[in-house]
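The values are calculated or read from the model by the stated rules, or taken from the named source; none is laboratory data. Nothing here was measured: the structure is a model prediction, and the numbers come from that model. Please note: Cβ atoms are built from the backbone with ideal geometry, for glycine as well, and neighbour counts cover all protein chains shown.
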Amino acid sequence: MTTGRALWRRVPRWAVDAGLIAVAALDVWINLFGEATTFMWACAALGCAALLLRRRFPLAAVLLTLPMTLFMDVAVAPIAALYTLAVRTRNRPLLVGCALLNAAGGTLAWPLSDTLSGDQTWTLIQFVYALATAFAPVLCGQLVQARHDVARQLVEVEEAREHERALHAQSVLARERAQLAREMHDVVSHQVSLIAVQAGALQVAAKEPDARDAARTIRTLSVNTLDELRHMVTLLRASGGKETELTPQPTLAELQQLIANSGIETTLTGQLPPDISTTAQRTVYRTVQEALTNVRKHAPGARAEVRLWHDAHHFGVTVTNTAPTRPSVALPSARHGLIGLRERAELLDGTLTAESTQQGGYAIELRAPIRPA
């Protein structure tokens, strides 16, 4: 089945459209052969040609196929147009209305006086059958649309899982680094310090010059090793703990790259004071990062706006997104991201607000007092 689907996707769209129009024309020719007027042929030609518009203007294609249903029992062109409209729109009332129009066109006879003067019960039965025929492509199109949504959601879930796995791996690595830093500080550094002290005592107490030189060398190497160990402990704690952050951390210079790599249609406006601290820059960066991550997880298809701002006493960033254009998957969340952002804001004596907008989107705003770097 996978191979068949792959082969079908390789067929050019123009070839599919040409084949569909050919089948629709054959359907018209069978129904109109020997008893058609020029006007009927014109309506039939219009309906078949409308299939060329079904991908870009599906509603127009449906409306242009309606006149031909008044004169003939054609099925290919109206069904193809209804199916395409059902695949490409989420407006259920519109689909119901188009199906009703198609059923009415297939039931009414031209001229209309023939329909009104005929057996009304039989006309009603014909309408029910025509309505069922019209709803069949609509339901099939909605099923295909639902399948596409599920496939897209599965991809988004897998991306979210990959992101969670990466975060978990980073967390495990950070804990291991912090534990290693503690071990190096409490055990290795302590032992090297004792070696340096004992070498210094030996250097003072030794009588022979060679012994004093050896003790001096041991003490010097011990002191240098201790300095290296302290530097390594500092770096390990910076990458694995919460007390220090001496490893390279993102700042406002990387904000544009973060937005470009987010996969979300995002606009960046405004600017911040040039003299804010690196901690404040890092907090702004993390706020934007978490907000865009939430948009990607909970509002697929939405657009976002990142607005940097400041006044005489405060600075901040506001990240706003529109309503999602596609159904989102209900992913488990403990809201630790927002909790962490609020903690970062409190460290700056600021506040963080997160709330829904009237347009169905979401807004996150960081506000903090200006402090020189």
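Values as computed for the structure displayed
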| item | result |
| --- | --- |
| Residue in the stretch 200-214 that is nearest to residue 224 (Cα to Cα), counting only those that are of a type in the set (D, E, K, R) and surrounded by 10 or more Cβ atoms within 10 Å (Cβ to Cβ) | 213 |
| Check on residue 103, at pLDDT below 90, in the same structural domain as residue 25 (by TED's automatic domain parsing) and among the aliphatic types (A, V, I, L, M) | yes |
| Counted residues, the stretch 312-340 - those being under 24 Å from residue 369 (Cβ atoms) and either of a type in the set (S, T, N, Q) or modelled with pLDDT of 90 or more (or both) | 7 |
| Failed criterion for residue 309 (all others in (1) buried (at least 18 other Cβ atoms within 10 Å of the Cβ); (2) in a strand (DSSP E or B); (3) hydrophobic (A, V, I, L, M, F, W, C) hold) | (1) |
| Residue within the stretch 36-44 that is aromatic (Phe, Trp, Tyr) and surrounded by 12 or more Cβ atoms within 10 Å (Cβ to Cβ) present | yes |
| Test for residue 263: is it under 30 Å from residue 349 (Cβ atoms) and at pLDDT below 85 | no |
| Counted residues, the stretch 124-147 - those being loosely packed, with under 15 Cβ neighbours inside 10 Å and free of Cβ contacts under 8 Å to residues at least 24 places away in the same chain | 8 |
| Test for residue 85: is it in a helix (DSSP H, G or I), hydrophobic (A, V, I, L, M, F, W, C) and either surrounded by fewer than 12 Cβ atoms within 10 Å (Cβ to Cβ) or modelled with pLDDT under 90 (or both) | no |
| Test: residue 343 is of a type in the set (Asp, Glu) and modelled with pLDDT of 90 or more | no |
| The one condition in (1) surrounded by 22 or more Cβ atoms within 10 Å (Cβ to Cβ); (2) over 32 Å from the mean Cα position of the chain (by Cα) that residue 63 fails to fulfil | (1) |
| The stretch 149-180, residues that are among the β-branched types (Val, Ile, Thr) and either in contact (Cβ under 8 Å) with a residue 40 or more places away in the chain or over 30 Å from residue 234 (Cβ atoms) (or both) | 150, 155, 157 |
| Close pairs (8 angstrom Cβ cut-off, 6 or more residues apart or separate chains): among the aromatic types (Phe, Trp, Tyr) in the stretch 59-75, buried (at least 18 other Cβ atoms within 10 Å of the Cβ) anywhere | 71/32; 71/40; 71/43; 71/44 |
| Among (1) assigned to a helix (DSSP H, G or I); (2) at pLDDT below 80; (3) within 30 Å of residue 74 (Cα to Cα); (4) of a type in the set (A, V, I, L, M, F, W, C), the one test that residue 109 misses | (1) |
